[in-house]
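These notes concern the structure reproduced below.
The values are calculated or read from the model by the stated rules, or taken from the named source; none is laboratory data. Predicted model only: the values in this text are computed from it and were never measured. Heads up, the Cβs are rebuilt from the backbone with ideal geometry, glycines too, and the neighbour counts pull from every protein chain shown.
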Amino acid sequence: MELWGLICWVFLLFLTLAVIGFLMYCGYIHYQHMKYDHVPGPPRDSFFFGHSSRILKMMKKDQLIYDLYLDWFETYGPVIRVNALHIVTILTVSPESVKEFLMSPKYKKDWYYDRLFSLFGVRFMGKGLLTNRDNDHWHKQRRIMDPAFSRTYLIGLMGPFNEKAEELMEALAEKADGDCHVGMHNMLSRVTLNVISKVAFGMEMNALEDDQTPFPRAISLVMRAMVEMRNPFLRYSWEKQAFIRDAKESIKLLRKTGRECIERRKREIQDEVDIPVDILTQILKGAALEGDCDMEELLDHFVTFFIAGQETTANQLSFVIMELARNPAILEKVQAEVDEVIGAKRDIEYEDLGKLRYLSQVLKESLRLYPPGPGTTRALEEETIIEGVRIPPNVTLMFNTYIMGRMEQFFPDPLVFNPDRFQPDAPKPYYSYFPFSLGPRSCIGQVFAQMEAKVVLAKLLQRFQFELVEGQSFRILDTGTLRPMDGVICRLTPRTNSGRAKKAD
């Protein structure tokens, strides 16, 4: 009886503590509501979950939550709040706020980036350039990386860019019979994987030839995991356990490959053998000069560059092809420019890229409508005023170029694909267009990515006509970056009667 009484007493104690804890948490949620409810926004779906239940339902249906936010902005104005449990996020489409918070080095990235340090207990991006919230440490890292992305160095990459793009053209030529259905996103993902592997790390991935290479699937899995992590209950979902295991194994695969690559390169540098002057070599040399050769941080950089250098460029190229196929007049105009500048040349030169001005406009317009990296966040540590709304401190501010790029007040007829928006004499978007972010934390690889995109697209436009297979939805899938949901399935035919061929004659 005494034992039974003790068990009952312990149970009642735990129950009492649980009730007290629950009531305290309810009080804290109520406090957060009182603190931020003056900020405009839609009614919460529930006291506890705020708007998160609606967001999670959209995620399960693969619907894009940024379209929901766009509707909210049009209803409630340029500053809105989003509630999820006790967490409040402030979203704004104020160009002045974009200028203030992204251009200034004093504002740090918010706590969300800490969640990418590891995924499901496995170190992921760690303290890489994307996720490092310590501005001083980040600045040191950026200084080490900068030489690997200088103009002089990037010019030297035209050879590998041409080589890998040519391999893609050869693979597409085998399918260009006018009947074969070609998943362009899949093919482009494989060529961008080949490019970043070769150019950055001196590895030959041969992803176009080897359909069994695990890396495209591994990257897709970890990107999807970044989206799924928005669900705070994901770890406790029985049906998601297999997905979590696969994502963890994918991260381990990426870091294991990176470790082998780095250790091999270190031995080559030590033995003074002939090594490629690639991004990895530059990073290792810079880290040695700074006395900062921590292997885990080097692996953080490997994973960050490997994923960012492959996924985002493949997505952008896929969206460009999708829109060109939907807009024959634009396709004809950009092909005419390629014929004029490139002709029948096999190797595209750096000087040619600057002459492809209309192609540059096409790329910029695709990034307006379909930015692979749609937004960024900053931590607000002091009270501020945005568009007349008082924002209390210690909250996350979210800025989204996808949303701003689709608003009539910033871009007339925003859903129309119109590269002329970016012609040289057109008015420049005022802090409403930032597909590579802005300011000191802008993407270090943006010039690299656009050079690669131009080479691949110029060759594709030079060689092939393409049309979309019927029945595609043109929906956008959020997998951590934005990609075409249906994969941009096309039929290709050679441009045997093009102006390019006539010019060659």
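Of all the listed residues (320, 277, 303, 362), the sole one being in a helix (DSSP H, G or I) and over 30 Å from residue 463 (Cα atoms) is 303.
Taking the listed residues 278, 294, the one that is among the charged types (D, E, K, R), buried (at least 20 other Cβ atoms within 10 Å of the Cβ) and either over 22 Å from residue 373 (Cβ atoms) or without any contact (Cβ under 8 Å) to a residue 60 or more places away in the chain (or both) is 278, with no other qualifying. Total residues in the stretch 464-491 satisfying the condition of being on the phi > 0 side of the Ramachandran plot and either surrounded by fewer than 19 Cβ atoms within 10 Å (Cβ to Cβ) or among the aliphatic types (A, V, I, L, M) (or both): the figure is 3.
Per-residue answers, yes or no, for (1) assigned to a helix (DSSP H, G or I); (2) out of contact with any helix residue (DSSP H, G or I) (no Cβ under 8 Å at 6 or more places or on another chain); (3) buried (at least 20 other Cβ atoms within 10 Å of the Cβ); (4) charged (D, E, K, R):
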position: 161; (1), (2), (3), (4): yes, no, yes, no
position: 180; (1), (2), (3), (4): no, yes, no, no
position: 187; (1), (2), (3), (4): yes, no, yes, no
position: 205; (1), (2), (3), (4): no, no, yes, no
position: 210; (1), (2), (3), (4): no, yes, no, yes
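State whether the residues of the stretch 115-131 include one that is under 26 Å from residue 252 (Cβ atoms), of a type in the set (Ser, Thr, Tyr) and free of Cβ contacts under 8 Å to residues at least 12 places away in the same chain. Taking every residue of the stretch 115-131 in turn, at least one turns out to be under 26 Å from residue 252 (Cβ atoms), of a type in the set (Ser, Thr, Tyr) and free of Cβ contacts under 8 Å to residues at least 12 places away in the same chain. In the stretch 31-49, the residues that are among the polar types (S, T, N, Q) form Cβ pairs under 6 Å with partners that are part of a loop (DSSP other than H, G, I, E, B) and surrounded by 11 or more Cβ atoms within 10 Å (Cβ to Cβ), at six or more places apart or across chains, as follows: 32/86. With respect to the stated conditions, residue 20 fails to be part of a helix (DSSP H, G or I), touching a strand residue (DSSP E or B) at 6+ places or on another chain (Cβ under 9 Å) and either at pLDDT below 90 or surrounded by 14 or more Cβ atoms within 10 Å (Cβ to Cβ) (or both). Taking the stretch 218-251 as the range and being part of a helix (DSSP H, G or I), closer than 19 Å to residue 476 by Cα and not β-branched (Val, Ile, Thr) as the test, the residues that pass are 220, 221, 223, 224, 225, 226, 228. Filtering the stretch 394-409 to residues that are out of contact with any Phe, Trp or Tyr (no Cβ under 8 Å at 6 or more places or on another chain) and without any contact (Cβ under 8 Å) to a residue 60 or more places away in the chain leaves 394, 408, 409.
Do we find a residue being within 25 Å of the chain's Cα centre (by Cα) and within 30 Å of residue 416 (Cβ to Cβ) anywhere in the stretch 298-309? Yes, the stretch 298-309 contains a residue that is within 25 Å of the chain's Cα centre (by Cα) and within 30 Å of residue 416 (Cβ to Cβ).
Among the conditions (1) touching a residue at least 60 places away in the same chain (Cβ under 8 Å); (2) in a helix (DSSP H, G or I); (3) buried (at least 20 other Cβ atoms within 10 Å of the Cβ), residue 372 misses just one, which is (2).
Every residue in the stretch 126-157 that is not in a helix (DSSP H, G or I) and not aliphatic (A, V, I, L, M), please. Listed by number, the residues that qualify are 126, 127, 128, 131, 132, 133, 134, 150, 156.
Could you look through the stretch 76-106, keep only residues that are surrounded by fewer than 17 Cβ atoms within 10 Å (Cβ to Cβ) and closer than 30 Å to residue 224 by Cβ, and pick out the one that is nearest to the chain's Cα centre (by Cα)? Only one residue tops the list, namely 87. For the stretch 46-71, taking the residues that are of a type in the set (D, E, K, R) and farther than 26 Å from residue 26 by Cβ, the one that is farthest from the chain's Cα centre (by Cα) is identified as 71. Determine whether residue 270 is farther than 30 Å from residue 89 by Cα, of a type in the set (S, T, N, Q) and surrounded by fewer than 16 Cβ atoms within 10 Å (Cβ to Cβ). Answer is yes for this residue.
Just checking, does the stretch 262-275 include any residue being in contact with an Asp or Glu (Cβ under 9 Å, 6 or more places away or on another chain) and not charged (D, E, K, R)? Yes - at least one qualifying residue is present in the stretch 262-275. If you go through the stretch 23-53 and keep only what is in a helix (DSSP H, G or I) and touching a Pro at 6+ places or on another chain (Cβ under 9 Å), you end up with 35, 36, 52.
Considering (1) surrounded by 12 or more Cβ atoms within 10 Å (Cβ to Cβ); (2) among the basic types (Lys, Arg); (3) more than 28 Å from residue 155 (Cβ to Cβ), the lone condition that residue 264 does not fulfil carries the number (3).
If you check 323, 408, 332, 337 for being of a type outside the set (A, V, I, L, M), surrounded by fewer than 23 Cβ atoms within 10 Å (Cβ to Cβ), modelled with pLDDT of 95 or more and within 23 Å of the chain's Cα centre (by Cα), only one passes: 323. Only helices (runs of 4 or more DSSP H) whose full extent lies in the stretch 388-505 are considered here, and the ones with at least 1 residues that are out of contact with any Ser or Thr (no Cβ under 7 Å at 6 or more places or on another chain) and within 30 Å of residue 178 (Cβ to Cβ) are 446-463, 499-504. Entry remark, the stretch 415-445: residues being touching an Asp or Glu at 6+ places or on another chain (Cβ under 8 Å) and free of Cβ contacts under 8 Å to residues at least 40 places away in the same chain number 1 in total. Of everything in the stretch 215-270 that's small (Gly, Ala, Ser) and in contact with a strand residue (DSSP E or B) (Cβ under 8 Å, 6 or more places away or on another chain), which residue is modelled with the lowest pLDDT? Among those residues, the one meeting the criterion is 225. Looking at the stretch 262-288 only, could you name the residues that are closer than 28 Å to residue 121 by Cβ and under 24 Å from the mean Cα position of the chain (by Cα)? 280, 283, listed by residue number.
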